[in-house]
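> Next up is a structure, given as structure tokens.
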Amino acid sequence: MDRLIVAKQAAVEAGVFLRKQFRKPLIVDEKRFYDDVVSSADHESEKIILHRIGEIFPKDGILCEESGHVQEGEYTWVIDPLDGSINYVNGIPYCAISIAVVYEQMPVIGVIYQPFFDELFWAQKGKGAWFANTRLRVHDRPLKEGVVGIDFGREKKEEIAGWVERFSTRCRYVRVNGSAALALTEVAQGWTQGYLQNTLYPWDAAAGALIVKEAGGVTTNLEGKPWSIFDPYLIAGSSKRTHQKILREICT
């Protein structure tokens, strides 16, 4: 069984659990920041995913949001068991499971599952990005006619607020969703023209960045260099032209 199949199975299995537990009583704790929470659902979802991976690939590396860096390996699974935790604990059905397989710090497999709409997005390096059996392609349009996604991170909120204000007059609409994974699938589907974040961790965007790239989009850090999983800044664009426009706006 290959890693892509296992990633899909693990994401869906965890998603079924999250759907069943939705809007039920949860244990919720704050992490380092008041707006960064972890719930009992996060922990249980992670256990489900790790169990599935461990059965088939026990020697692979693991990097999880909740458990941290569990072990080293040639291939590393980078896992967010519940991306959009604040949405979830507040009863908002906009969140996802994000699973990536990374080789030499670059994602080679990315899977994102939205459990409430039963939507499975996936990509494999060099083999395109897909929603179920439909190939995804970005859709480029003039930035002034498009939509840009921006999320507030755990730090540097003033910088993000400045980006929101600037792009509110540079594009048709700014979306603040609370899930980097799902926001990146929106770029890959051609719904939005870009996505920006400034305090990402590897598990936040490893799968989504690969999906955007394989759908024909561009993902870089703030310096315009190809994004890697340890870059806190991610600038995603639906084309090289649009990406450059977005980058110019936030760097001037």
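The values are calculated or read from the model by the stated rules, or taken from the named source; none is laboratory data. What you see is a predicted model, and the numbers here were worked out from it, not measured in a lab. FYI the Cβ positions are ideal-geometry reconstructions off the backbone, even for glycines, and counts take in every protein chain you see.
> So, in the range 95-125, of the ones that are farther than 24 Å from Arg23 by Cα and out of contact with any helix residue (DSSP H, G or I) (no Cβ under 8 Å at 6 or more places or on another chain), which residue ends up modelled with the highest pLDDT? Explain how you work it out, then say what you get.
Looking only at the range 95-125, we keep the residues that are farther than 24 Å from Arg23 by Cα, and these are 100-111, 121-125.
After this cut, where a residue has to be out of contact with any helix residue (DSSP H, G or I) (no Cβ under 8 Å at 6 or more places or on another chain) as well, the list is 103-106.
Details: Tyr103: 93, Glu104: 87, Gln105: 84, Met106: 89.
So the residue we want is Tyr103.
> So, restricting to strands (runs of 3 or more DSSP E) that lie completely within the range 96-183, which ones have at least 2 residues that are crowded, with 24+ Cβ neighbours inside 10 Å?
96-103, 106-114, 119-124, 147-150
Each row is one residue, and each column tells you yes or no for (1) polar (S, T, N, Q); (2) crowded, with 19+ Cβ neighbours inside 10 Å; (3) at pLDDT 90 or above.
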site: Asp2; (1), (2), (3): no, no, yes
site: Val6; (1), (2), (3): no, yes, yes
site: Gln9; (1), (2), (3): yes, no, yes
site: Gly54; (1), (2), (3): no, no, yes
site: Gln71; (1), (2), (3): yes, no, no
site: Ile79; (1), (2), (3): no, yes, yes
site: Asn87; (1), (2), (3): yes, no, yes
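> So, one more: Would you mind finding the one in Arg175, Arg170 that is over 20 Å from Phe116 (Cβ atoms), charged (D, E, K, R) and touching a residue at least 24 places away in the same chain (Cβ under 8 Å)? First the steps, then the outcome.
Values: Arg175 fails: over 20 Å from Phe116 (Cβ atoms).
Just one listed residue meets the conditions, Arg170.
> Assuming Tyr201 fulfils every condition listed in (1) within 22 Å of Asn90 (Cα to Cα); (2) modelled with pLDDT under 95 apart from one, which condition is it?
(1)
> How many residues does the range 202-252 contain that are part of a helix (DSSP H, G or I), basic (Lys, Arg) and free of Cβ contacts under 8 Å to residues at least 24 places away in the same chain? Let's see the steps before the verdict.
Taking the range 202-252 and keeping what is part of a helix (DSSP H, G or I), we get 202-214, 240-251.
Retained after the next criterion (residues that are basic (Lys, Arg)): 213, 240-241, 245, 248.
Retained after the next criterion (residues that are free of Cβ contacts under 8 Å to residues at least 24 places away in the same chain): 240, 248.
Residues meeting the conditions: 2.
> Just give me the residues in the range 191-201 being crowded, with 23+ Cβ neighbours inside 10 Å, part of a loop (DSSP other than H, G, I, E, B) and of a type in the set (Ser, Thr, Tyr), in sequence order.
Residue satisfying the conditions is Thr192 alone.
> Quick check on the range 94-136: of everything there that is without any contact (Cβ under 8 Å) to a residue 40 or more places away in the chain and hydrophobic (A, V, I, L, M, F, W, C), which residue is farthest from Gly208 (Cα to Cα)?
Across the range 94-136, the extreme among qualifying residues is Phe117.
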